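No lab work stands behind these numbers, since they all come straight from the coordinates. Since the structure is predicted, the reported quantities are computational estimates derived from the model, not experimental observations. We place every Cβ from the backbone using ideal geometry, glycine too, and count neighbours over all the protein chains shown.
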């Protein structure tokens, strides 16, 4: 990459990709089509809503589930049985829980890294950006759903020792 | 609280309060005056920049360091020796690192919870909001500095078993 940035191990990415598809299918009946994962170089704005959760163990990391308002409302409706009138606490709880499930099931597939997940937090706001530490280039995995685009970003650093 | 929300143990808050003061003093020569901690009930907008880091172990949690653009630029200048022209990667790395130091030194004082920290991420964007899970009421600790207000929010849940 022409930088001092640690290369990400591709084997780490696949569990997040498959777990995102499985979680959306199981929890919201929502079929995702995956796009091509890429290294996020810049700091382009995320979608309007970002679920953020930390991982720590033999690797430390952050997972961000990012999606726009229409998708967030439809996914919440699919999970709760009623469409929320706006981006309220039901929506943030739903997106936080989906983020938690994706990170939780992916880390179970990365057992050798012995990671545990933190509490999720959910960011809402037009044009917000989520920056990772400068020495981490997160991998962005784009998905399409019937309600609009979704993106999962994963930054991980293996701990030394 | 009239809700099902788990009460936060106040002993958990003091380490974050003292560590924030120590980290800003040591790293940026910035003296903070603490305000009165309170339970954050609503979802009011954070300051423009939020450093977010996860904790996991016998408790899981999230720590958010929130501050406005002028404070973030001055703190970065104090730490790097040069004021950045805008909210660039130097600023996000600095705020992420401060968040990491606050969480890292506070968890060392909460040794019985055996927590480890995740990677920090840094959110930038006017009027963004950071939501915690609905069953967690984070404690907000406000501070004043010579450059403007700073807030640290801590949400923690002890793990059962």
Report summary line: If one compares the long axis through the Cα atoms of helix A:69-80 with the longest principal axis of the Cα atoms of chain A, the angle in degrees, nearest 10, works out at 70
Report summary line: Shortest first and in nm, the label-point separations between residue A:84 and its counterparts in the other identical copies (7 Å out along Cα→Cβ) come to 3.0
**Report entry** Length-normalised contact order of chain B in % [C-alpha pairs under 8 Å, at least 6 apart]
**Finding:** 38
Query raised in the report: Hey, any idea what the orientation-averaged projected area of the convex hull of chain A's Cα atoms comes to, in nm²?
Result: 9.0
**Report entry** Per residue Cα convex hull volume in Å³ - calculated over the protein assembly as shown
**Finding:** 137
Requested in this report: Compute the label-point distances linking residue B:157 to its equivalents in the other copies; points lie 7 Å from Cα along Cα→Cβ; give nm, one decimal, shortest first.
Outcome: 2.8
Report summary line: In degrees rounded to 10, the 0-90 angle between helix B:89-109 Cα long axis and the longest Cα principal axis of chain B is 40
**Report entry** Residue exposure sequence - A:33, B:94 - by fewest surrounding Cβ within 10 Å
**Finding:** A:33, B:94
Requested in this report: Over segment A:8-102, calculate the relative contact order: mean separation of alpha carbon pairs under 8 Å at least 6 apart, over the residue count, as a percent.
Outcome: 26
**Report entry** Which of A:50, A:118 has the fewest Cβ neighbours within 10 Å, and the rest in rising order
**Finding:** A:50, A:118
Requested in this report: Could you quickly flag the chain B residue whose beta carbon comes closest to the rotation axis taking B to A, and that distance in whole angstrom?
Outcome: B:54, 1
Report task. Shielding by partners for A:108-117, please: the mean number of other protein chain Cβ atoms within 10 Å of each residue's Cβ. Result -> 2
**Report entry** Inter-copy spacing of residue A:27 label points, which lie 7 Å from Cα along Cα→Cβ, given in nm from shortest upward
**Finding:** 3.1
Report summary line: Nearest 10, in degrees from 0 to 90: the angle of helix B:13-28 to the longest Cα principal axis of chain B is 10
Query raised in the report: Any idea how far apart residue A:157 and residue B:114 come out in nm if each label point goes 7 Å out from Cα toward Cβ?
Result: 2.5
Requested in this report: For segment A:118-140 and segment B:16-45, compute the distance between their C-alpha centroids and round to whole Å.
Outcome: 22
Query raised in the report: Can you give the FRET efficiency for residue A:25 and residue B:88, using 1/(1 + (r/R0)^6), R0 = 45 Å, r = Cβ-Cβ distance, to the nearest 0.05?
Result: 0.70
Report task. Write down the radius of gyration of segment A:52-136 and its Dmax, each obtained from C-alpha positions, in Å. Result -> 14.2, 43
Report summary line: Quick calc: nm separation of the 7 Å Cα→Cβ label points for residue A:39 and residue A:14 -> 2.1
